[in-house]
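The block underneath contains the structure these notes are about, expressed in structure tokens.
Just so it is clear, none of the values below were taken in a lab; they were calculated from the coordinates. Remember, it's a predicted structure, so these values are computed and weren't measured experimentally. Neighbour counts run over all protein chains shown; Cβ positions are idealised from the backbone, glycine included.
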Amino acid sequence: MKKFVAIITLLCSAVGGYAQGEAEPLSLRADWSPTWVEQDEDNGLLVDGAQYAPMVLPWAMKAVGQPTRSGWGRMAVSQGLGVVMMAGSVEGLKHAVGETRPDATNDRSFPSGHTAWSFLGATVIERELGWRSPWYTFGGYTFASAMAMQRVVDCRHFPVDVAGGAVIGVVTGHLGYFIGDKIFGDKQLQNRYNMLSVDDENQSFLSLETGMSFNLGRFKSQGYKISREPSLNVGLRFGMPFSDHWGASVGAIMRSTPIFYESATCERTFVAPENAVGVELSPYYRKQLSSRFSFNAEAACGYYRNFSLKSIDRAIETNDDFVSARIAAGTTYRLNDNMSVGATLGYEIADAEYRLSPNATYGIATPTAIDKTTHSLTLNISTRVLF
């Protein structure tokens, strides 16, 4: 009930409900320390400091005489309001939801505070410096997406947690500037408008792709069950047009998927994140709908290489690599001559295999192999620099 109440307060609530709706208390977490999780205090301090880096950039630029959108006071008020709303939302939800972290260290997993800070900072960069060059916006959100992936790969959060943190960071950042604009009006403002001065055309692009795959179904064999929770996908994609409507793109993508296991003698428990890197090739179609909106569709094929699945005593392992096929459609909105944002919904199939070895902790009595074609619904957000 707590999670349901928290979920409906966020745009990404449906994601949270889908990902964790069936989860029961994880019996192995209560009295088991996940020794495969490497605890690095120096790395933790570095990440803790890095989450604030995007927030600092506009202030540092302004301090050395570079122009920003807002004057000192206006920027302080707008960002201060965003920080207060973000921090209050994150802490309130952490307390209300009480979700256990993947590494079992505490019950403050949802939402991710590091991700919220990073995406709030990226939004601040976009508002204050994005008018100068699209690369400021692109760099800010790339940094924030990398922070989100680090939190998942490092077993500090599930993908749903960082999705919630990202939504909070972006929304509260824009709300802070919205309220700040109402307070200050035209004072301390360097007016910058998102004007389109070039004819719309199918342009080459570099895109930051951030999204989630909602995995359907479970793997079952001989009473053993493997379930794949929603995956976090982050990557870069380069596209080049062939004509006014057609083009092709190539992308480098990292994917992290939480793996859960259960059997007759073992309650549903988190095993480890299944991490993979891959490359996708994708022809795409684009149809202009208005001066700013366009319809997009794509078909992609990909090859991914899995990292080792760090389960207890390597009792549960996955295949070394896999191939995927995906179709997706959506829309993009052109912000200005050099930048657009977009969203797509899609469907993906891929092959997967899990090998189970006898293990008392997991209650595995006999060696078992589970093969299955996976089916996933995908949601992807893109930030594109146009050439």
For Rg/Rh (Cα atoms, Kirkwood Rh) the list reads (i) 1.67; (ii) 0.99; (iii) 0.95; the calculated value is entry (ii)
Which helices, counted as full DSSP H runs in the chain, have an axial Cα extent of no less than 24 Å and a Kyte-Doolittle average of 1.0 or above?
-> 159-184
Would you mind ranking VAL167, VAL271, VAL160 by Cβ crowding within 10 Å, fewest neighbours first?
-> VAL167, VAL271, VAL160
Does anything in segment 50-77 have its amide N under 12 Å from the 7 Å Cα→Cβ label point of ILE183, and if so which residues?
-> 73-77
What is the calculated FRET efficiency for HIS375 to ALA299, with r their C-beta to C-beta distance and R₀ = 25 Å, to the nearest 0.05?
-> 0.95
Helix-derived [θ] at 222 nm for the chain: sum -39500 (n - 2.57) over DSSP H runs of at least 4, divide by residue count, nearest 500?
-> -10500 deg cm²/dmol
Residues in segment 286-320 near a label at ALA360, defined as backbone nitrogen under 20 Å from the 7 Å Cα→Cβ point?
-> 311-316
Looking at this model, which pairs from LYS182/LYS287; LYS225/LYS310; LYS62/LYS187; LYS94/LYS220 are more than 25 angstrom apart at the alpha-carbon?
-> LYS182/LYS287; LYS94/LYS220
If you count, for each residue, the other Cβ atoms within 10 Å and average over each peptide, how do 96-104, 283-291, 113-121 line up from highest to lowest?
-> 113-121, 96-104, 283-291
Packing-based exposure ordering (other Cβ within 10 Å, fewest first) of ARG255, ARG314, ARG69 | ARG314, ARG69, ARG255
